[in-house]
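**Q** I am attaching a structure below and will ask some questions about it afterwards.
Only the coordinates and a few stated rules stand behind these numbers; no lab work does. Since this is a predicted model, take the numbers as computed values, not measurements. Counting neighbours? That spans all protein chains shown, and the Cβs are built from the backbone with ideal geometry, glycine included.
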């Protein structure tokens, strides 16, 4: 998605409804196996939007996006990114780490 909030070399994806229901890699699905339906939708939207954003950066094959002990996404080497979601919106930004030390985005319900 073309964004006025970020420079052109930052990939921005706003999740669509399909991303909320598209299954993830089994390693990612394991994180949400016991979660309620709304949390599963949010998590799937974030991971699927992340893969689309990574594709915009040139990643040809989808990658598994694991998380650390603080529940932060573990990006592929050379990538920085951020995922934010509410019950109705999910946005993802990623960039190459040689261009940025980090990127961030946050959405909140008004």
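**Q** Quote the relative contact order of the chain in percent (integer), defining contacts as alpha-carbon pairs under 8 Å separated by 6+ residues. Mind showing how you got there, number by number?
**A** On the way: 179 pairs, mean separation 30.7, N = 110.
Relative contact order here is 28 percent.
**Q** Points 7 angstrom from Cα along the Cβ direction at residue 98 and residue 5: gap in nanometres?
**A** The modelled label-to-label distance comes out at 2.8 nm.
**Q** Given a 10 angstrom Cα cut-off, can you work out which residue in 68, 99, 35 is the most mobile in a GNM of the chain?
**A** Maximum among the listed residues: 68.
**Q** Now a separate question. Could you check the simple spin-label distance between residue 64 and residue 22, using points 7 Å along Cα→Cβ, in nm with one decimal?
**A** In this crude spin-label approximation the distance works out to 1.9 nm.
**Q** Please give the calculated 222 nm ellipticity per residue for the chain, where each DSSP H segment of at least 4 residues contributes -39500 (n - 2.57) and the sum is spread over every residue; nearest 500 deg cm²/dmol? Walk me through the numbers before you get to the answer.
**A** On the way: 3 runs with 29 residues, N = 110.
Value at 222 nm, helices only: -7500 deg cm²/dmol.
**Q** Moving on. Where in the range 1-34 is the amide nitrogen less than 11 Å from a point lying 7 Å along the Cα-to-Cβ axis of residue 56?
**A** Flagged as within label range: 1-15.
**Q** Still on this structure, I have one more. Pick from 97, 82, 50: which residue has the top mean-square fluctuation in a GNM of the chain where Cα pairs under 10 Å get a spring?
**A** Of 97, 82, 50, the most mobile in the Gaussian network model is 97.
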